[in-house]
Amino acid sequence: MTGAPPTSPSQVPVGVDPTRPSIARIYDGFLGGKDHYEVDRAVMRKINEAVPEAVDIARGNRGFLNRACRFLATQTKIDQYLDCGSGLPTAENTHQIVQRSNPDSRVVYVDNDPVVLAHGRALLEENENVHMVEADIFTPSTVLGHEVVRRHLDFAQPLVLLHVGTLHHLEGDGGPEVMREYIDALAPGSYVVFSHFYDPQVPELTEVAKRIEDILVHGPMGAGRFRTRDEILAMLPGLEIVKPNATTDPGLVACDEWWPDGPRLTPLSKAARCIAGVVGRKP
Ligand code: SAM
């Protein structure tokens with residue numbers, strides 16, 4: 001979908017409005033994917049002009065998701081995953097990571113973007129343990145009560161709930177209630193993998209966060225809030241937070257600092273410090 005904009009309806013997946021930017025396509029674009037339209041690229045250009053290293057937010061977020069999935073797949077016996085706001089399946093999706101350790105792990109992806117749904121269904125057709133559901137992730141009852149979710153995931157047993165890079169797209173301040181409803185539905189021993197745009201409340205970083213937030217909140221996207229540590233942790237009520245690396249106490253860190261794969265030779269960019277990741281366990 002790079003290059004010329006779609007010229008006929010047959011080039012556009014059903015339900016896609018190529019005149020409105022999509023967060024899924026923009027995120028995919030930052031990660032190097034090809035499924036974006038000019039209207040998405042216009043938003044990406046604005047963000048890049050405001051914060052040239054903004055790509056580090058998407059990369060940091062995706063790297064965190066991958067490492068957290070690998071950690072849970074290899075170090076717990078959990079074999080069921082509910083990935084809310086899964087995004088465009090490109091490479092290294094949740095099922096590819098966790099099924100490497102346990103091919104029988106079940107993964108249900110949930111999204112509402114027509115391009116994500118079309119790609120997801122095509123890619124997942126041949127994997128009987130992976131399913132794609134269309135639902136509004138900010139209305140937990142529709143996800144938790146969805147027939148496909150209920151058929152493939154057993155809520156009486158521990159599972160992994162992923163809400164990675166999603167809640168900052170919810171307009172308003174309903175995040176804590178949304179997450180409480182999900183967490184209440186989980187069995188003890190379940191884990192939550194969570195990331196969110198982060199305002200570290202350090203002036204030079206807050207300034208970077210605000211520049212991106214302005215474009216997202218006041219532009220055609222309409223949402224994209226950077227929240228503080230307390231605001232983010234308020235969305236994970238009752239969870240025991242997993243220690244995020246060898247030297248930091250349990251809590252919230254920049255995604256890139258969550259159990260990185262190796263030593264860091266260069267400092268994190270300011271943008272990379274504005275996306276935070278947490279893994280929590282329900283006692
Ligand atoms: N979780 C993936 C990751 O971190 O790599 C993708 C994150 S992407 C930034 C956010 C995703 O949430 C997009 O795919 C978007 O379509 C989806 N999303 C946003 N609002 C949604 C809603 N109300 N219901 C379902 N999905 C939604």
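Computed from the coordinates by the stated procedures, all read-outs in this text should not be read as laboratory data. Note that the structure is a prediction, hence the values are computed from the model and not measured. Note: ideal-geometry Cβ built from the backbone for every residue, glycine included; neighbour counts use all protein chains shown.
Lys and Arg at +1, Asp and Glu at -1: add these up for the other residues within a Cβ distance under 9 Å of Phe226 and post the number.
Result for the local shell: +1.
For the chain, what does -39500 (n - 2.57) per DSSP helix run (n ≥ 4), summed and divided by total residues, give at 222 nm, in deg cm²/dmol to the nearest 500?
My calculation for the chain gives -11000 deg cm²/dmol from helical runs alone.
Suppose each label sits 7 Å from its Cα in the direction of the beta carbon; what would the Gln157-Glu53 distance come out to in nanometres?
Each label point lies 7 Å from its Cα, and together they span 4.4 nm.
Under the classification rounded if a/c is under 1.5, otherwise prolate if a/b is larger than b/c and oblate if not, where does segment 17-127 fall, given a ≥ b ≥ c as square roots of the Cα gyration tensor eigenvalues?
oblate
Return, ordered by residue number, the residues of segment 242-256 whose backbone nitrogen is under 13 Å from a label point located 7 Å along Cα→Cβ of Thr228.
Counting backbone N atoms under 13 Å from the label point, the list is empty.
Are there trypsin sites (Lys or Arg not before Pro) in segment 61-167 that DSSP puts in a loop and that have at most 10 other Cβ atoms within 10 Å, and which ones?
Passing both the DSSP loop test and the Cβ count: Lys77.
Which loop chymotrypsin sites (Phe, Trp or Tyr not before Pro) in segment 58-128, with loop taken from DSSP, have no more than 15 other Cβ atoms within 10 angstrom of their Cβ?
none
Ratio to report: Rg/Rh of the chain, with Cα atoms as the point set and Rh obtained by the Kirkwood method; give two decimals.
0.94
Going by how many other Cβ atoms sit within 10 Å of their own, how do His196, His152 line up, fewest first?
So the residues, fewest neighbours to most, are His152, His196.
What order do you get for Glu147, Glu207 when you list them from fewest to most C-beta neighbours inside 10 Å?
Arranged by neighbour count, lowest to highest, Glu147, Glu207 become Glu147, Glu207.
If we count other beta carbons within 10 Å of each Cβ, what is the order of Thr228, Thr166, fewest first?
The fewest-first ordering by Cβ neighbours comes to Thr228, Thr166.
What shape does segment 151-283 have by the C-alpha gyration tensor, where a ≥ b ≥ c are the square roots of the eigenvalues, rounded means a/c under 1.5, and otherwise prolate means a/b greater than b/c and oblate the rest?
Oblate, because a/c is 1.5 or more while a/b does not exceed b/c.
Among residues other than Ala118 whose Cβ falls under 15 Å from its Cβ, what is the net charge (Lys/Arg +1, Asp/Glu -1)?
Result for the local shell: -4.
I need the calculated FRET efficiency for the pair Glu240 and Lys210, taking r as the beta carbon distance and R₀ as 25 Å, to the nearest 0.05.
E between Glu240 and Lys210, to the nearest 0.05, is 0.20.
With a point put 7 Å past each Cα toward its Cβ, work out how far Glu147 is from Glu128 in nm, to one decimal.
2.0
Would you mind classifying segment 195-255 by shape? Square roots of the alpha carbon gyration tensor eigenvalues, ordered a ≥ b ≥ c; an a/c under 1.5 is rounded, otherwise it is prolate if a/b is larger than b/c and oblate if not.
Because a/c hits 1.5 or more and a/b exceeds b/c, segment 195-255 counts as prolate.
If you restrict to DSSP beta bridges whose two residues both lie in the chain, what percentage is antiparallel, to the nearest 5?
So the antiparallel bridges in the chain amount to around 35 percent.
Which net charge results when you count Lys and Arg as +1 and Asp and Glu as -1 among the other residues whose beta-carbon is under 11 Å from that of Arg264?
Net charge around Arg264: -3.
May I ask for the distance between the Cα centers of segment 153-221 and segment 65-117, given as a whole number of Å?
Using only Cα atoms to place each centre, the spacing works out to 17 Å.
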